[in-house]
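Structure first, commentary second.
The values are calculated or read from the model by the stated rules, or taken from the named source; none is laboratory data. Not measured: the values here are computed from a predicted model. Positions of Cβ are backbone-derived with ideal geometry, glycine not excepted, and every protein chain shown enters the neighbour counts. Areas reflect the complete protein model, heavy atoms only, side chains present, ligands, DNA and RNA absent. Shrake-Rupley method; radii C 1.70, N 1.55, O 1.52, S 1.80 Å.
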Protein chains: 2
Amino acid sequence: MARLADVSASTASRALNPAHSHPVNPATRKRVLEATSKLNYQPNLMARGLRSRRLPTISVIVHDITDAYFAEIVRGAADEANRNSFLTFVCSSRRDPAVELRYVEMLRLSGVSAVLFAAGGLLDRAYQRAMKKQVEAIQEYGGSVVALAPRVERWPTEVCDNRGGAQLMTEHLLRLGHHRIAFITGPPQVRTSHEREAGYVLAMKAAGHDPLVAPGDFTEPGGEQATARLLDSRAGFTALFISNDTMALGALSELRKRKVEVPRDLSLGVFGDIPAWGYTTPRLTAIRIGLAEIGVAGVRRALAILQGQDSSPRVRVHPVSLVERDSTAPLRRTAAALA
Amino acid sequence: MARLADVSASTASRALNPAHSHPVNPATRKRVLEATSKLNYQPNLMARGLRSRRLPTISVIVHDITDAYFAEIVRGAADEANRNSFLTFVCSSRRDPAVELRYVEMLRLSGVSAVLFAAGGLLDRAYQRAMKKQVEAIQEYGGSVVALAPRVERWPTEVCDNRGGAQLMTEHLLRLGHHRIAFITGPPQVRTSHEREAGYVLAMKAAGHDPLVAPGDFTEPGGEQATARLLDSRAGFTALFISNDTMALGALSELRKRKVEVPRDLSLGVFGDIPAWGYTTPRLTAIRIGLAEIGVAGVRRALAILQGQDSSPRVRVHPVSLVERDSTAPLRRTAAALA
DNA sequence: GATCCGAGGGAAACCGATTTCCGGAAAACG
DNA sequence: CGTTTTCCGGAAATCGGTTTCCCTCGGATC
């Protein structure tokens, strides 16, 4: 035991963890601290974890780490975790419930202190039940759970203003004179889809226009297909609002393939701003989400819960903003080529 | 002890870890396995780690997880780790040596089994010394270290063919009739820079042309500045080869700002293929690196070392390929507008 | 002066698995 | 039949901290 170096044995632990009630003589404490720095002593985290049931690690569960959306969340979370001497696991689940459950089980076994779910939970009943069980086991040993997107479970949540953001974009397009605005929504199992769709519908109805919602699934091929079907339907829209970045990539391919020129033939808005939007042609108008901040907030929240001092409301909504670029233009300049 | 459920005590450990030499009666072993599955027994990883000095975790150290290049490596590594029941730490170091050292120290304290360095080491002496010490400490407890890019240290390495890829792109441009090809290189502290530059220079000299190398630093603003300086220099080049994806993003901004049209005014090639290149205008010709495969190979190598059965050569070079898109065109169609 | 109380420190239990060490029983051998 | 292996299982040590339990000592109280 490295600590024998100075004098005491278990007293060292008390000196180094002043959180507990047992008093330690300041002089003794000083000696201990000197010894630790002299010996460059560092506690064995696994030994500590064996007693305390958890390790100073957090985890972020995302669908796909190569998706710029999730990567930014992970960066924010990992940075904040690092600042608090926590390490960060990253779990890329590919939207596979089985993989996700397996991840969470491994996390539990490894004594993770907090799990951040960066994507909406699936509405699947079996998944929900199994996940609830895992999460309860984690909470049993003192771990905390935070959602970074709306989920069905009643977890503490850090989320961006999906409804407000969708309203913002819709109103922007309306203000440009568009009133036939199509919307590609997300998968129905995910709350985010409904929230964004609701914002869009709300803004449309408030302006006295009929919403035109096309089903989508938040994936790139899904966005491609949804765009194709919309164009084929000849529904006669002059603006297209796509409810996430990944689908927008697919839409861009499809529009390029069909030689639909943006914004001349069609104004295009996206929920979710990723760096790539600054390099596409045209550069895309998008709803900017402070993803890194959400990641940071998630870790802060998780750590606060760990210390039993979280006073935030259960759901905290982070504001979003409209980033206007070149893909949205006034209706007069938009040929109704698709009517 | 959950295992008391059937009969034995420490025998269970032997039954569950047949790797060791102590024999176990097959019948007993069967009873133990039945009990474990009945009780849904799962070993406490921290207790196990306390003895074995390490946890079934790996870590990937990258400069920036939001960079598509690194994200793809991490995805490959995390998937492969998951398949082997290992969890994956991700460390986004922002190219800060202090952050990186701190990460590695935390990893060591947490008993990480393997560390994968996804970026070239800095040539800084103090950094090198400190890192060497950390890594030796990790190896002392049986952890392994793998480099996923050329580094100065003599670690097992999985790397893409930097020199060959640079030759490939250069030869592609030469074949199109270009001979005044500029090259934006990377920071001199990084081996990758030198390797790619060497490939470019080799191909140019082999063709009897003078290389034109502009300094860069692998960052986006760096790419912007390097491009600007090249254009200002009126060096009269008709093609530009940028040695990594991030700088290419900066270059795109600069070219767009100056209304240099690609490939009409300038052919553009990039080392490093990222999804965004399919959505830019024009779509960029790039050297494709199998980054996910490199991540997978890194984990495989690390696990093999852990089990003392790594028979690979120290440095394994992964092939790259040329993805031809719209940003490179024959010289005849390229106005020497920049001459 | 006896009792009580709190400060402060040490010994030992504990977390849960792995790994010696050891011993009994069966098998192999002379 | 005695002796030496071999097989197999249990008791106990170990990993390195944290926490409980207990003890001592000095000061305060009655």
Checklist outcome for this item: Taking Cα atoms, the helix B:26-39 axis meets the longest principal axis of chain B at an angle in degrees (rounded to 10) of 70 degrees
Next on the checklist: Taking a point 7 Å out from Cα toward Cβ as the label site, list the nm distances between A:His20 and the same residue in every other copy, smallest first.
Outcome noted: 3.0
Item to check | Tensor-based shape of chain A (alpha-carbon gyration tensor, a/c under 1.5 rounded, otherwise prolate or oblate) | outcome: prolate
Checklist entry - Among the lysines, which fall within straight-line cross-link reach of A:Lys257, defined as a Cα-Cα distance under 23 Å, with same-chain neighbours fewer than 8 residues apart omitted? => result none
Next on the checklist: Quick check on the protein assembly as shown: of the DSSP beta bridges with both residues there, what percent are antiparallel, nearest 5%?
Outcome noted: 15 percent
Next on the checklist: Need one word for the range B:2-43: rounded, prolate or oblate. Basis is the Cα gyration tensor (sqrt eigenvalues a ≥ b ≥ c); a/c below 1.5 gives rounded, then a/b vs b/c decides.
Outcome noted: prolate
Next on the checklist: Over chain B, with a Gaussian network built from C-alpha contacts below 10 Å, which listed residue (B:Ser59, B:Ser327, B:Ser110) shows the highest mean-square fluctuation?
Outcome noted: B:Ser110
Checklist outcome for this item: Per the rotation taking chain A to chain B, min distance Cβ-to-axis on chain A (residue, whole Å) equals A:Thr281, 2
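Residues of the protein assembly as shown: accessible area per residue at 1.4 Å, in Å²?
Numbers: 29190 Å² over 678 residues.
The answer is 43 Å² per residue.
Quick check for me: using +1 on Lys/Arg Cβ and -1 on Asp/Glu Cβ, what's the dipole size of the protein assembly as shown about its Cα centre, in debye to the nearest 20?
Magnitude of the dipole: close to 1520 debye.
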Checklist entry - So, in Å, what gap is there between the alpha-carbon centers of the range B:315-332 and the range A:40-86? => result 38 Å
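Classify the range B:120-261 from the C-alpha gyration tensor, please: rounded if a/c falls under 1.5, else prolate or oblate depending on whether a/b exceeds b/c. Please list the in-between numbers first.
On the way: a/c = 2.92, a/b = 1.92, b/c = 1.52.
Since a/c reaches 1.5 and a/b is larger than b/c, the shape of the range B:120-261 is classed as prolate.
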Checklist entry - What longest region of chain B stays clear of GluC sites (Glu not before Pro) that DSSP places outside H, G, I, E and B and that have at most 15 other Cβ atoms within 10 Å? => result B:1-152
Checklist entry - Tell me, how many Å apart are the Cα centres for the range B:218-263 and for the range A:158-193? => result 36 Å
Checklist entry - Tilt of helix B:125-140 relative to the longest C-alpha principal axis of chain B, in degrees (0 to 90, nearest 10)? => result 30 degrees
Item to check | Calculated label separations, A:Arg234, copies of the chain, 7 Å along the beta-carbon direction, nm | outcome: 5.7
Next on the checklist: Treating the point 7 Å from Cα along Cα-beta-carbon as the label, what are the nm separations from A:Val99 to the other copies, to one decimal?
Outcome noted: 2.6
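What total accessible area, in Å², is buried where chains A and B meet, using a 1.4 Å probe and rounding to the nearest 100?
Accessible area lost upon association: around 4400 Å².
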Checklist entry - To the nearest 10 square angstrom, how much accessible area does A:Asp310 have with a 1.4 angstrom probe? => result 50 Å²
Next on the checklist: Taking 22 Å as R0, compute the FRET efficiency from the Cβ-Cβ separation of A:Arg258 and A:Val213 and round it to 0.05.
Outcome noted: 0.55
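Show me the three semi-axes of the equivalent ellipsoid for the protein assembly as shown, from the C-alpha gyration tensor (sqrt of 5 times each eigenvalue), largest first, rounded to whole Å.
Gyration-tensor ellipsoid for the protein assembly as shown: 46, 35, 23 Å.
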Checklist entry - How far, in degrees from 0 to 90, does helix A:220-233 lean away from the longest principal axis of the Cα atoms of chain A, to the nearest 10? => result 20 degrees
Next on the checklist: For chain A, set up a GNM with springs between Cα atoms under 10 Å and report which of A:Met169, A:Met204, A:Met46 has the largest fluctuation.
Outcome noted: A:Met46
